[in-house]
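Only one structure is covered here, and it is reproduced in the block below.
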Amino acid sequence: MGVLRERAPGDGAWFDDASYVAAGAAIAAGDDVFSGSDIVLCVQPPGPERQEALKPDTTLIGWLRLRSDPALARRLADAHVTALSLDGLPHLLSSAQSMHVLSSQTNAAGYKAALVAADAKAALSALHTCLSAYVH
């Protein structure tokens, strides 16, 4: 068993191929990842050419929007692909919230906002200290 990763999709987020190779993953073209894997993780629903590349008995996991795209659900079922759509997880149940895609994204954005605000406040606090020392 191994990890096969599509070439260069994370470059814009500072996740380069070399880091994945150093951790033991193999790098391949996207179509090869879809056709050569038993389990495929994706962020967005795969396009038609990637759907066709999936072999029977593959498990596809990601933000698939199957409730809003029943035709995709039918195509995957007809191709004997098991689809687990993470957008179908209930976010109001505390036991499922850690798996809910938007909740995790919201938490990450909240943490980032707090860090950015703290950094900005530190700069402003220094300015306030200098101004208040000058005024007094």
Open item on the list: If residue 107 satisfies all but one of (1) modelled with pLDDT of 95 or more; (2) more than 24 Å from residue 6 (Cα to Cα); (3) not β-branched (Val, Ile, Thr), what's the number of the condition it fails?
Closed with: (1)
- [ ] Please note which helices (runs of 4 or more DSSP H) are completely contained in segment 6-92 and include at least 2 residues that are among the aliphatic types (A, V, I, L, M) and either in contact with a helix residue (DSSP H, G or I) (Cβ under 8 Å, 6 or more places away or on another chain) or surrounded by 11 or more Cβ atoms within 10 Å (Cβ to Cβ) (or both).
- [x] 70-78
TODO: State whether one or more residues within segment 6-19 are small (Gly, Ala, Ser), within 22 Å of residue 87 (Cβ to Cβ) and in contact with a Cys (Cβ under 9 Å, 6 or more places away or on another chain).
DONE: no
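The values are calculated or read from the model by the stated rules, or taken from the named source; none is laboratory data. As the structure is a computational prediction, the values presented were derived from the model and not from experiment. Methodologically, a virtual Cβ is constructed for each residue, glycine included, from the backbone with ideal geometry; neighbour enumeration extends over all protein chains shown.
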